[in-house]
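J.: Got a structure here, written out as structure tokens. Questions coming.
The values are calculated or read from the model by the stated rules, or taken from the named source; none is laboratory data. Keep in mind it's a predicted model, so treat the numbers as computed, not measured. Glycine gets a Cβ as well: all are built from the backbone with ideal geometry, and neighbour counts include every protein chain shown. Just the protein is used for accessible areas: all its heavy atoms, side chains included, with ligands, DNA and RNA removed. Shrake-Rupley method; radii C 1.70, N 1.55, O 1.52, S 1.80 Å.
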Amino acid sequence: MEATQDRLLELSLRLFRPDWPRSVRYGLALLFTLAIAGLKLAIPAFGSPGPDLFLTIPVAASAVLAGFGPALLATIGTTLIAAWFTPPAGFAISLNTNGLDVIGFFFEGLVVAILGAAVRAAFGRSAESLRRREQLEQERSALIATVNHEIRNPLASLSGYLQLASRYARREDMRERVAPAIDEAEHQVARLLRLADDLQVISSPSAVFRVEPEPLDLAVAAHAAARRVEALAPSREVTVNAPMEPLMVRADPARLDQILDNLLKNAVAYSRADAPIEISTSAEAEGALIRVRDHGAGIDPTDRERIFERFARGPSVATQPGMGIGLYVSKAIAIRMGGRLFIEESSSQGTVFAVELPLAPVEADLAPDLAGVAN
């Protein structure tokens with residue numbers, strides 16, 4: 001039943017789509033009119049004198065399928081055909097009963113054209129409403145699946161750390177490990193709370209992601225992200241190319257971790273298991289950049305903007321798990337922190353995602369050193 005409804009919806013969208021070229025719409029009206037003229041000339045039964053109901057078919061068909069303009073063309077054409085078959089034969093219209101019938105037919109055609117165009121518009125609105133409803137249903141299903149998928153990981157981690165804390169607490173020689181386990185559990189609770197906020201933002205386009213920027217070292221963030229990947233995928237080679245001196249930026253530490261985790265998770269998922277992942281940082285004229293390079297199949301140029309949209313996924317990754325919100329969330333967070341997330345380059349040799357962040361004020365950079373001097 002649903003498959004039949006989908007086919008009917010697709011057919012209606014094709015028939016009543018407003019983006020048909022003008023030449024196609026007027027060509028249809030001309031084709032319908034010439035077909036009726038040919039039938040009246042070729043088949044005696046259709047060649048009765050004067051206007052008849054048969055001549056309104058091209059007008060109605062043109063109005064419903066192509067709109068009022070083409071229907072007006074069909075009305076003029078069928079009026080000329082009616083005049084040709086009205087005694088005396090020819091296109092001249094006499095001011096007698098037969099001539100008045102032809103003139104009346106023209107105005108009847110106008111009425112049919114107006115009504116048919118209104119029907120076309122109504123069908124178009126209905127088809128668009130059905131399409132939008134289907135899209136909303138898909139987004140609702142995707143959001144529910146996303147909630148289930150995204151909450152499962154922090155819940156599993158929270159449960160694991162609480163179990164560890166419970167075991168450590170029962171052993172005298174392990175008591176010192178209780179506090180770190182509780183700290184990790186609290187981190188997972190904070191992650192769940194932030195995730196709840198993010199899901200609310202995703203479900204409501206008018207809401208915005210909450211960020212709390214502060215000065216941080218981008219190189220330290222890069223090394224920490226690499227360690228997280230190595231913990232989750234020990235066999236994966238992750239290299240970090242970052243300067244020894246601090247590269248201070250202004251960003252939300254937890255949010256930056258979220259962006260990097262999303263990028264690195266994609267790099268792990270969409271590249272070969274033996275392919276390395278590279279993280280690098282650099283200072284630029286307008287700010288600082290942190291790059292994540294994978295060695296996957298690359299991203300098609302037509303998809304490089306679309307993949308940052310909500311629930312959007314590239315055709316080459318359709319078989320991979322995911323709902324298409326990671327890049328959407330990451331880009332929105334980067335913008336909220338005063339930066340941006342973009343694809344710097346992509347080819348069959350891999351893709352480089354870059355996060356640009358504002359540099360921290362000089363005073364923030366020097367604050368730790370000044371504090372050390374004061375002490």
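J.: Considering only residues of segment 17-60 that are modelled with pLDDT under 70 and charged (D, E, K, R), which is surrounded by the most Cβ atoms within 10 Å (Cβ to Cβ)?
T.: Start the filter on segment 17-60 by keeping residues that are modelled with pLDDT under 70, which leaves 17-19, 44-51.
Remaining after also requiring charged (D, E, K, R): 17, 19.
On the way: 17: 11, 19: 4.
Restricting to residues being modelled with pLDDT under 70 and charged (D, E, K, R), the top hit is 17.
J.: Could you run through segment 247-277 and say how many residues are open to solvent by 10 Å² or more (accessible area, probe 1.4 Å) and not aromatic (Phe, Trp, Tyr)? Even if it seems obvious, please write down each step before you answer.
T.: Restricting attention to segment 247-277, the residues satisfying the condition of being open to solvent by 10 Å² or more (accessible area, probe 1.4 Å) are 247-248, 250, 253-254, 257-258, 261-262, 265-266, 268-274, 276.
Filter again for not aromatic (Phe, Trp, Tyr), leaving 247-248, 250, 253-254, 257-258, 261-262, 265-266, 268-269, 271-274, 276.
Adding up the residues that qualify gives 18.
J.: Exactly one condition in (1) touching a helix residue (DSSP H, G or I) at 6+ places or on another chain (Cβ under 9 Å); (2) at pLDDT below 85; (3) surrounded by fewer than 20 Cβ atoms within 10 Å (Cβ to Cβ) is not met by residue 231; state its number.
T.: Checking residue 231 against (1) touching a helix residue (DSSP H, G or I) at 6+ places or on another chain (Cβ under 9 Å); (2) at pLDDT below 85; (3) surrounded by fewer than 20 Cβ atoms within 10 Å (Cβ to Cβ), the one that fails is (1).
J.: All but one of (1) open to solvent by less than 80 Å² (accessible area, probe 1.4 Å); (2) modelled with pLDDT of 90 or more; (3) under 19 Å from the mean Cα position of the chain (by Cα) hold for residue 310, so report the exception by its number.
T.: Evaluating residue 310 over (1) open to solvent by less than 80 Å² (accessible area, probe 1.4 Å); (2) modelled with pLDDT of 90 or more; (3) under 19 Å from the mean Cα position of the chain (by Cα) leaves (2) as the failure.
J.: I would also like to ask the following. Go through segment 94-105 and give me each residue that's open to solvent by 60 Å² or more (accessible area, probe 1.4 Å) and modelled with pLDDT of 75 or more.
T.: Once the filter is applied, which keeps residues that are open to solvent by 60 Å² or more (accessible area, probe 1.4 Å) and modelled with pLDDT of 75 or more, segment 94-105 yields 100, 101, 103.
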